[in-house]
1. Quick check: the distance between the Cα centres of segment B:45-62 and segment A:244-305, to the nearest angstrom?
2. Counting only other chains, and only Cβ atoms inside 10 Å, what mean value do you get across the residues of A:221-230?
3. Counting other C-beta atoms within 10 Å, and keeping those with at most 12, which DSSP coil GluC sites (Glu not before Pro) do you find in segment A:339-369?
4. Could you tell me the distance between the Cα centroids of segment A:48-92 and segment A:504-541, to the nearest Å?
5. Considering only protein heavy atoms, what is the solvent-accessible area of A:ASP529 at a probe of 1.4 Å, reported in Å² to the nearest 10?
6. Can you tell me the 0 to 90 degree angle between the C-alpha axis of helix B:43-52 and the longest principal axis of chain B, rounded to 10?
7. Mind pulling the angle between the C-alpha long axis of helix B:258-267 and the longest principal axis of chain B? Nearest 10 degrees, somewhere in 0 to 90.
8. When the dipole is taken about the Cα centre of the protein assembly as shown, and only Lys, Arg (+1) and Asp, Glu (-1) are charged at their Cβ, what size is it in debye, to the nearest 20?
Amino acid sequence: MTESQNPRRLPLFALLAGVVVVVVVAVLLQRDGEAPDVAEQNTLHRGIGSDPDTLDAHKTNALQSFTVLNDLGEGLMADDRHGALIPGVAESHVVSEDGLRYTFKLREDARWSNGDPVTAGDFAYAYRRLADPATAALYVDSVTAIANAKAIIAGELEPDSLGVTAIDPLTLEISLEQPTPYFLALLVHPSMHPIHESSVKAHGDAFARPGNLVTNGAYRLTGLRPGAIVELERNDYYWDNANTAIDRVHYHVLPEPMSEYNRFRSGELHITDSVPTDIFEQVREDFPDELKVATSFTIYYYGYNVIRPPFKDSPELRQALSMAIDRDVLVEKITRRGEQPAYSWVPPGIEGYESAQLSFAGLSQQERTEQARRLYQAAGYGEDNPLEVELRYNTSDTHQRIALAIQAMWREALGFEATLINEEFRVLLANMQAREVTQVFRSSWKGAYVDAHSFLTAFESDSPSNLAGWVSEEYDDLMQRAATQTDPGMRSRYLEEAERLLLIEQPLIPLYFYVSKHLVSTEVAGWADNALDRHHSRYLSLPGVAGGG
Amino acid sequence: MLRFALGRLLAAIPTLLFVVLLAFTLVRIAPGGPFDAERGLPPEVEANIAEAYHLDEPLPKQFFRYLGGVLRGDFGPSFRYRNYSVTEIIADSFPTSLLLGGLAMLLALVIGLGAGVLAALRPNTFTDRAVMAVAMTGISIPIFVVAPLLVLLFAVSLGWLPAGWTAQGGGRLVLPVLALALPQVAYLARISRASLLDVLGSDYVRTARAQGLTTAAILRVHALKPALIPVLSYLGPAVAAVLTGSVVVEQVFGIPGLGRHFVTGALNRDYTLVMGLVILYAALIILLNLLVDILYGVLDPRVRTQ
């Protein structure tokens, strides 16, 4: 190598430096002359946590997908900003006397986002597709109320035999398996929205992608980038379009609450999906007007595996452990966001339903602890023979702190040392469902509709969500009686009786009812807290923005 | 050289096959599945899903089905993003990671090497100590601290730059690139300082100096090239790490890059996406190591003649 070659290589670095400078300058310059700020565009920016897996309403069970689909589509029934049931695509309906047949009259001006009219056939097609085993749908809870749905899902009947009939383009008749008093509420769920048949035929599975997806709600899908953003724009064909205030909605995928919080603080988001737990007090102080905390239709509980020792056949032991937990300490010292301690399985606040309570709900914690000790000893445990038990929870700061507190309460009150095991979420799910290694496990349950049934159904013997493995013929019988009962008062009594039984047998420890937590910019109007934590974009507005009010 | 490169590429094929097998096994023995949720699925629904996604077949059959797809260039549909194929997701996110990582590496090279050379030329002076102190800080503070601090300062307090990728307006690249580059700057400064000091102390540099060459000329002609060899060894893995996306930076700024997809894919048991990314990572690392080996030859004549 001669010296004369060398100097020619050095400019390489000068070149690199040049490139960097140019790029950095270009990027910085890009800032000017770009799209104007958030507020000027009448675009609502919402955080959504993790992203929707698919916008095919039949192939998802992710809450995030349902949130977006609630903006995109509309079922026969809809819910208002407070979560109350209102007419959706169906402007009226008639129920037969036995509660088994519903006849819906569709509104004439309902349109798809491509201008096609929304017909009864679109609903019939959607419901059949949802039940069809070939669809392999994930969320079938709503459709199973319709006649023959269960048999179709199991492959025993053809999808055509589902109890839905499009009598004419604007009349839909639905036959049910059993009178289902909450049936109308089921129709709100995105899995029960209509599906645009010809775009499924044309695009196959890709029908749910931007550019292909045709929807019938207040918005249509204009863009989606996995892991980043979902973009919606006003659907001009929507029948109630005149009352939609916001032109565009951007859902930003931000699974990390702290990152989301920073985006909110820098003015890039109007609404957050969550609030960071560890700095909650600070957030409350800094954003008193923006912080929205509301009781949510969700319970935080510990389940017992009742098909294996030590909790098999020992309701006394189960009760002892439950009694020894001071729920007030959990919500006042640990979670501290206004959660309500839980002494029942069904959350309070359901009209016409009087939730049963755990037998010891009225006692002071001291009395509970004393009784718990007696029960613990009666079950054969004591100082020389302490209970050996494993408590499993999924990895998370809050779950860990709660588990540590409960471990300490048990140690204090009953004198045994529970082994804490934290597992990655899906590992815990697999273990809970297998019911082989679990003893005590953390879980939660969110009601899909405001009815006691949406909670109580989780403990029916054949429920896949019955993680405790609890089987009670009496309970199943009460649930079945409630299902066939058309008198709402009688039905509630059966459900209350079922819950009472559940709380006597105690395959679970109710701990507290969740609260929903959001930061909502003061620029946003129309926000209303509700138990199901649904906040459709069409009810919101940005009054400070031209065209947004 | 060409023959050397081709030989290495051929040797990479069994490595890649082994990686595919290993990834498949590891992903599938992890407990839990892509469709698990707290709201359990009725058994008949579970059966329908298993059939639709071929999860009911014996694992070897699934493996060969997958391998067959990969050989045809088809990485299958994502289990999580069910309307998208893994190829589409990678095609969408790789350029993002590439742009970020490329810019960060470039920035790190320029500042890191510059600082390293500066420090080496004035060993044990204030400049040297200052540069090394900054570098040490850069190495010690992890990205997951630096990145949020950058956001707090430039986005929340000063409001100069957006805090996230999906924000409207430009400038969204600046903070992530900076956060990604900082630790690399520090490493590169330290490595280049050490190796340049070494070279500057050698006999032939002293001879050059005795001959009356200026410092600039010595650097340019004699010292810089050999001093770069250790830097190069470091660059191979560093470039691979940075280009394939930083999980932390992508998470903090909400950037849809490879690193983020890899982590969420693993958490969601998105079998096909995770495997697609593993194969991509493996291929990239093999390629970059090969590139580094070739560059050794350019910088060091002794390697070339072997």
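1. Between the Cα centres of segment B:45-62 and segment A:244-305 lies a distance of 37 Å.
2. Averaged over the peptide's residues, the number is 6.
3. Working: sites: A:GLU339, A:GLU351, A:GLU354, A:GLU367; in loops: A:GLU339, A:GLU351, A:GLU354.
Here the sparse-neighbourhood loop sites are A:GLU351.
4. 15 Å
5. Spelled out: A:ASP529, probe radius 1.4 Å, area about 80 Å².
6. 60 degrees
7. 40 degrees
8. Working: 69 positive and 96 negative charges, 1000 e Å.
Once rounded to the nearest 20, the dipole reads 4800 debye.
The values are calculated or read from the model by the stated rules, or taken from the named source; none is laboratory data. Here the structure is a predicted model, which is why all the values come from computation and not from measurement. Don't worry about glycine lacking a Cβ; one is built from the backbone with ideal geometry, like all the others, and counts go over all protein chains shown. Keep in mind that these areas ignore ligands, DNA and RNA; they rest on the heavy atoms of the full protein, side chains included. Shrake-Rupley method; radii C 1.70, N 1.55, O 1.52, S 1.80 Å.
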